[in-house]
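Here the structure comes first, spelled out in structure tokens, and everything after it is commentary.
The values are calculated or read from the model by the stated rules, or taken from the named source; none is laboratory data. Treat the numbers as computed from the prediction; the structure is a model and nothing was measured. Here Cβ is always computed from backbone atoms with ideal geometry, including for glycine, and neighbour counts include all displayed protein chains.
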Amino acid sequence: MNLISGTAGPRALAAGLALTLLLLLAGCIELTGQRITVRHDAASDRLYVLLEYDGIHNSDEDKQRAAERKLRAFVENGDVMLFDWYGHIKRRGLNEQAIAVDVPPRERAFLEHLLERTHVTILGTYRDADGRLGAAQMVVFDAASDLIELANGAISEAVLALPNTTDDHRWDRTLGLWKTAAARGHAWLAFSGHAVVFRFPSDAADWARAKLAFFAKITKDAAAASPEDAAAMAEHPLLKLLAALPLSVEQGAAATTIRFGHQEQPWTVRCAWRDVDSHNVDALVQELVPGRLDAALAARLLDAAPTSVPADRVPVAPRSGAGGTEIEHLQQVLTWGPVENRVRAVLGRAAGKAAPDPAFAWLAAFAEEWNAAGRQPAAPAPELPREAAPDAWRAWYRTLVRQPTL
């Protein structure tokens, strides 16, 4: 396994986005989907982000070598990717940004902390229900409370550097409130349990006008859309992301609060981008990421207690060190990572096995617990014939990772 540092910073994210959009023209690594799980451990002052890259492939066969070069650099440099390749965050670019002479001091402090206290562990590869290759990373932010405090300082610094008026003057009152708050050291970001909260002052009239403009636009677009357009929009990656994201907005008398995630438990965003069956970078991914995640997960689930079902969302207290050990990360994938990972791992062990087999016993116990809790999609019935069970579980897996759908 490989333990390397990785980071993300405010201005660097925008710059990285522009760069990677340009790189798309010269060979493109894409995903069929991605799952992102977030857990905040207040006791250890750590933020954990489990990144799972489903169905890694090159979308342009004519630019295979360029795609392979980018993929190799991605792994070797400790980069991460959020919501497909256009969210590629380059560690090397962030290092350059942190030492640039024109970086404001608070942003520099934020970047330096991020570079020093963020750790990325490559956990291994897996294959989804359709045999497409994926890979997982665990990103650990040490001293997460300090990270939030430094981010707040960088945001205030950026707000104070803005002009005193907006281009069309439609947000001037809100901008004035932001500048006043920034001068007073406003806490823009905060943790609320496992959720991340963004709270900012807002003028009621500005906010109401923005909502009206938004509602008018989507109503107009919906009225003009054909049935075919509407169906296509339902599959738009950005709309699917917004629908999948646990997001709430609360408008107060003088401030607006946006909450990302669940306060009471770790939360997962599942994004299904495209249905592509391509294996043109499988060999390189397996060379760069030699560990087999599902084999390790299945061993922990089946070999110690074959018929036990790990409790959902059980907190894990990692030992001190650079983001925790590999064994600890594997246990965390099982205890608070996406629930379908356990089923996928056990299903891989069950493939080709005859009854009785511990894998089938585990799946039956899981199905009973899952269905008794009324969770969706419904798991295959435990009494299903063994020869039909693998296909039924693969269908369950596909349905879960592709939600939401119309």
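Applying a threshold of 7 Å to beta carbon distances and a minimum spacing of six or more residues, or different chains, the list of pairs starting in segment 198-216 at a residue that is among the polar types (S, T, N, Q) and ending at one that is part of a strand (DSSP E or B) reads 202/255; 202/256.
Got at least one residue in segment 255-262 being touching a Gly at 6+ places or on another chain (Cβ under 9 Å) and either at pLDDT 85 or above or on the phi < 0 side of the Ramachandran plot (or both)? Lay out the reasoning, then the answer.
The initial filter retains those residues of segment 255-262 that are touching a Gly at 6+ places or on another chain (Cβ under 9 Å), namely 261-262.
Those left that are additionally either at pLDDT 85 or above or on the phi < 0 side of the Ramachandran plot (or both): 261-262.
Looking through segment 255-262, at least one residue is touching a Gly at 6+ places or on another chain (Cβ under 9 Å) and either at pLDDT 85 or above or on the phi < 0 side of the Ramachandran plot (or both).
Considering the conditions (1) loosely packed, with under 14 Cβ neighbours inside 10 Å; (2) of a type in the set (D, E, K, R); (3) in contact (Cβ under 8 Å) with a residue 24 or more places away in the chain, residue 173 is excluded by exactly one of them, (1).
Scan segment 243-275 for residues that are over 22 Å from residue 47 (Cα atoms), among the hydrophobic types (A, V, I, L, M, F, W, C) and either in a loop (DSSP other than H, G, I, E, B) or free of Cβ contacts under 8 Å to residues at least 40 places away in the same chain (or both) and the total you get is 4.
Checked against the criteria, residue 74 counts as in a helix (DSSP H, G or I), within 20 Å of the chain's Cα centre (by Cα) and either hydroxyl-bearing (Ser, Thr, Tyr) or closer than 21 Å to residue 33 by Cα (or both).
Against the test of being over 23 Å from residue 289 (Cα atoms), surrounded by fewer than 17 Cβ atoms within 10 Å (Cβ to Cβ) and under 21 Å from the mean Cα position of the chain (by Cα), the options 102, 45 yield a single qualifying residue, 45. Being under 31 Å from the mean Cα position of the chain (by Cα), of a type in the set (Asp, Glu) and modelled with pLDDT under 95 is a property that residue 172 lacks. If the condition is being outside any helix (DSSP H, G or I) and either at pLDDT below 85 or small (Gly, Ala, Ser) (or both), then segment 326-354 contributes 337, 351, 352, 353, 354.
For segment 23-47, taking the residues that are touching a helix residue (DSSP H, G or I) at 6+ places or on another chain (Cβ under 8 Å) and at pLDDT below 85, the one that is nearest to residue 274 (Cα to Cα) is identified as 28.
Within segment 379-406, restricting attention to residues that are part of a loop (DSSP other than H, G, I, E, B) and among the aliphatic types (A, V, I, L, M), which residue is surrounded by the fewest Cβ atoms within 10 Å (Cβ to Cβ)?
Quick first cut of segment 379-406, residues part of a loop (DSSP other than H, G, I, E, B) only: 379-388, 402-406.
Then drop every residue that is not among the aliphatic types (A, V, I, L, M), which leaves 379, 381, 384, 388, 406.
Numbers: 379: 21, 381: 12, 384: 17, 388: 10, 406: 8.
Ranking the candidates gives 406 first.
Of all residues in segment 355-378, which are part of a loop (DSSP other than H, G, I, E, B) and polar (S, T, N, Q)?
Step one: list which residues in segment 355-378 are part of a loop (DSSP other than H, G, I, E, B), which gives 355-357, 373-378.
Scanning segment 355-378 gives a single hit, 376.
The single condition among (1) without any contact (Cβ under 8 Å) to a residue 24 or more places away in the chain; (2) in contact with a strand residue (DSSP E or B) (Cβ under 9 Å, 6 or more places away or on another chain) that residue 89 does not meet is (1). Considering 50, 3, the condition of being modelled with pLDDT under 90, of a type outside the set (Ser, Thr, Tyr) and either over 14 Å from the mean Cα position of the chain (by Cα) or over 12 Å from residue 87 (Cα atoms) (or both) is satisfied by 3 alone. Somewhere in segment 66-81, is a residue closer than 24 Å to residue 235 by Cα and either among the small types (Gly, Ala, Ser) or out of contact with any Cys (no Cβ under 7 Å at 6 or more places or on another chain) (or both)? Scanning segment 66-81 turns up at least one residue that is closer than 24 Å to residue 235 by Cα and either among the small types (Gly, Ala, Ser) or out of contact with any Cys (no Cβ under 7 Å at 6 or more places or on another chain) (or both). Apart from one condition, residue 317 fits all of (1) modelled with pLDDT of 95 or more; (2) surrounded by fewer than 20 Cβ atoms within 10 Å (Cβ to Cβ); the exception is (1).
Within segment 78-123, the residues that satisfy the criterion of being within 27 Å of residue 270 (Cα to Cα) and of a type in the set (S, T, N, Q) are 118, 121. Among the candidates 86, 126, the residue that is touching a helix residue (DSSP H, G or I) at 6+ places or on another chain (Cβ under 7 Å), crowded, with 17+ Cβ neighbours inside 10 Å and assigned to a helix (DSSP H, G or I) is uniquely 86.
May I ask you to say which residue of 142, 128, 146, 168 is without any contact (Cβ under 8 Å) to a residue 24 or more places away in the chain and of a type outside the set (Gly, Ala, Ser)?
Working: 142 fails: without any contact (Cβ under 8 Å) to a residue 24 or more places away in the chain; 128 fails: without any contact (Cβ under 8 Å) to a residue 24 or more places away in the chain; 146 fails: without any contact (Cβ under 8 Å) to a residue 24 or more places away in the chain.
Selected residue: 168, the only one of 142, 128, 146, 168 that is without any contact (Cβ under 8 Å) to a residue 24 or more places away in the chain and of a type outside the set (Gly, Ala, Ser).
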